[in-house]
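**Student:** Below you'll find the structure I mean.
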Amino acid sequence: MAIVNFEHLLDQAESLCVAPPAGPPRQVDLRRAISAAYYGIFHFVARATADEFVGRVRRREARYSLVYRGLDHRHLRDLCVDLAKTSPPRKLAPFLPANGIGASIQAFASGVVDLQDKRHNADYDPMVRFNTADAHLAIATARSAIARFERASATRQKAFLTLALFKPR
């Protein structure tokens, strides 16, 4: 299985922001850059969940692909909306660390929601115009959010990844 490298998606997004010899970058390139920034963070989470539940050394196994593909955009968004709040919903409490999800995961969750909103606008709203600064901001948001996630404790990361795959019932 060839895993999508989230860093390559972010690098691609940056390359799409480069202006051609004459004039600013095309709208299609800026839209693709914003979309790639979101997909960079999405594939970061997909890889992290599969690494956590199957293992990095098993990336070529079908089970790894099953977990990687198990991440759902809607569920990820709903979870991130809940975790970005000052107080997450009670339904999540049993699955969170005793001292809460923490500021780093909250910031990561906010970044996911923001980028998904921007991706929807970039991919589906023909009335919105983007400029280079919009695309650079989306890329910076993705990189910053990923860095925040990586700074969170292993316990908080695991809580997030578990909730990203499994809905509390």
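**Student:** Among the complete DSSP H segments of the chain, which ones combine at least 27 Å of alpha-carbon extent along their axis with a mean Kyte-Doolittle hydropathy of -1.0 or more?
**Tutor:** For the chain, where a helix must reach 27 Å along its axis and average at least -1.0, the hits are 27-53, 102-124, 132-151.
**Student:** Could you do me a favour and compute the accessible area per residue for the chain, 1.4 Å probe, result in Å²?
**Tutor:** It amounts to 54 Å² per residue over the chain.
**Student:** Tell me, in nm to one decimal, what length is gained between K167 and V18 on full extension, where the rule is 0.36 nm per residue of separation less the Cα-Cα distance?
**Tutor:** 49.6 nm
**Student:** Return the distance in nm (one decimal) between the two label points of a simple spin-label model at V4 and F95, each offset 7 Å from Cα along Cα→Cβ.
**Tutor:** The modelled label-to-label distance comes out at 2.2 nm.
**Student:** If you roll a 1.4 angstrom probe over the protein chains with everything in place, what fraction of the accessible area of region 4-94 belongs to carbon and sulfur, to the nearest %?
**Tutor:** Answer for region 4-94 is 52 percent, counting heavy atoms of protein chains only.
**Student:** Placing +1 at every Lys and Arg Cβ and -1 at every Asp and Glu Cβ, with all other atoms neutral, what dipole size does region 44-144 have around its Cα centre, in debye to the nearest 20?
**Tutor:** Magnitude of the dipole: close to 380 debye.
**Student:** Related question: Using +1 on the beta carbon of Lys and Arg, -1 on that of Asp and Glu, and nothing else charged, what's the dipole of region 20-73 about the Cα centre, debye to 20?
**Tutor:** That gives a dipole near 180 debye.
**Student:** Helix-derived [θ] at 222 nm for the chain: sum -39500 (n - 2.57) over DSSP H runs of at least 4, divide by residue count, nearest 500?
**Tutor:** Estimated from H runs of four or more residues: -22000 deg cm²/dmol.
**Student:** Considering the chain as a Gaussian network with a 10 Å cut-off on Cα pairs, which listed residue, A133, A159, A84, attains the greatest mean-square fluctuation?
**Tutor:** Of A133, A159, A84, the Gaussian network model singles out A133 as fluctuating most.
**Student:** Can you give the accessible area of K167, probe radius 1.4 Å, in Å² rounded to 10?
**Tutor:** Rounded to the nearest 10, that gives 120 Å².
**Student:** What percent of all Cα-Cα pairs in the chain falls into each 5 Å bin, going from 0 up to the bin containing the maximum distance?
**Tutor:** Cα pair-distance distribution for the chain, in percent: 1, 9, 17, 19, 18, 14, 10, 6, 3, 1, 0, 0.
**Student:** Further question: Roughly how many Å² of T155 are accessible to a 1.4 Å probe, to the nearest 10?
**Tutor:** Ignoring ligands and nucleic acids, T155 comes out at about 90 Å².
**Student:** As I understand it, the dipole of region 1-67 uses +1 on the Cβ of Lys and Arg and -1 on the Cβ of Asp and Glu, about the Cα centre. Which of V54, I41, F6 lies farthest toward its positive end?
**Tutor:** V54
**Student:** What's the magnitude of the charge dipole for the chain around its Cα centre, counting Lys and Arg as +1 and Asp and Glu as -1 at the beta-carbon? Answer in Debye, nearest 20.
**Tutor:** Around 620 debye, computed over the chain.
The values are calculated or read from the model by the stated rules, or taken from the named source; none is laboratory data. None of these values were measured; they are calculated from a predicted model. No Cβ is skipped: glycine too gets one built from the backbone with ideal geometry, and neighbour counts run over all protein chains shown. Just so you know, the surface numbers come from the protein's heavy atoms only, side chains and all, with ligands and any DNA or RNA stripped out. Shrake-Rupley method; radii C 1.70, N 1.55, O 1.52, S 1.80 Å.
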